[in-house]
Amino acid sequence: MLHPLNWPLALAVYAAAFAFGYLCGSIPFGVLLTRLAGAPDVRAIGSGNIGATNVLRTGRKGLAAATLLGDMLKGTVAVLLTAYVLDHDFAMVAAVGAFLGHLFPVWLRFRGGKGVATYIGVLLGLAWPVAIVFCAIWLAVAALTRYSSLSALIASAATPVFLWWYGDAQDAQLFLLLSVLLWIMHRTNIMRLFRGKEGKIGAGSKAAGGA
């Protein structure tokens, strides 16, 4: 930890950690990969989201998988590199930066994704056992309902609880914040779920729902 007298330096380092996380998180893999592959602009189909679920609606499963992996790893890399160079506290700041970078990327006029993959990525970097729990819950709900958004909402709601139970109160508070943000980003999905109009996994490019 930095000495209290070095608080201006501490603020500068926290800002640097946030900026590094934001730059990593703002890389729009869904847009870049579909463009490189000559696929339709992912922002013009389905839900208009740049995440893997909407990329899947192009019919290109490989691109969707690559988008998912990229959106996850950009969060993981931001957290792990910051933790390696600095410490866990700064890595948490980088995690917030990465998540917000995905939601509001400067390159896309601050219109990004809904954050599920990057949420998993930063969780993987900070508390990998709970990341496995998140994925297990997501897969179980998705298998039962075929709703990507509902799976993410339930898994994200459970994450702070499991972190607290795991004895990691600091990360539990962080992911409570990220979960609230993720739910806010899914507010239209929540409305469609209540109306029975949410698109299901594998429903094709005409579905308007999804994460």
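No value in this document is a laboratory result; all are computed from the given coordinates. Keep in mind that this is a model prediction, so the values were computed, not measured. Every residue, glycine among them, receives a Cβ derived from its backbone with ideal geometry; neighbour counts consider all protein chains shown.
Applying a DSSP loop filter and a limit of 14 other Cβ atoms within 10 Å to the trypsin sites (Lys or Arg not before Pro) in the stretch 153-201 leaves 197.
For the stretch 49-162, what class follows from the C-alpha gyration tensor (a ≥ b ≥ c being the square roots of its eigenvalues): rounded when a/c is under 1.5, otherwise prolate if a/b is larger than b/c, else oblate? The shape class here is oblate. Among the chymotrypsin sites (Phe, Trp or Tyr not before Pro) within the stretch 64-124, those in coil by DSSP and having at most 12 neighbouring Cβ atoms inside 10 Å are 110. For residue 36 and residue 170, the FRET efficiency from 1/(1 + (r/R0)^6), where r spans their Cβ atoms and R0 equals 41 Å, is about 0.60. A DSSP coil position with no more than 15 other Cβ atoms inside 10 Å describes the following chymotrypsin sites (Phe, Trp or Tyr not before Pro) in the stretch 147-185: 166. Rg and Dmax, both from the Cα atoms of the stretch 111-211 and both in Å, are 13.6, 44.
Estimated from helices alone, the mean residue ellipticity of the chain at 222 nm is -22500 deg cm²/dmol (sum of -39500 (n - 2.57) over DSSP H runs with n ≥ 4, per residue). For residue 144 and residue 87, the difference between the fully extended length at 0.36 nm per residue and the C-alpha to C-alpha distance is 16.6 nm. Over all other residues within a Cβ to Cβ distance under 11 Å of residue 27, the charged ones net out to 0, with Lys and Arg as +1 and Asp and Glu as -1.
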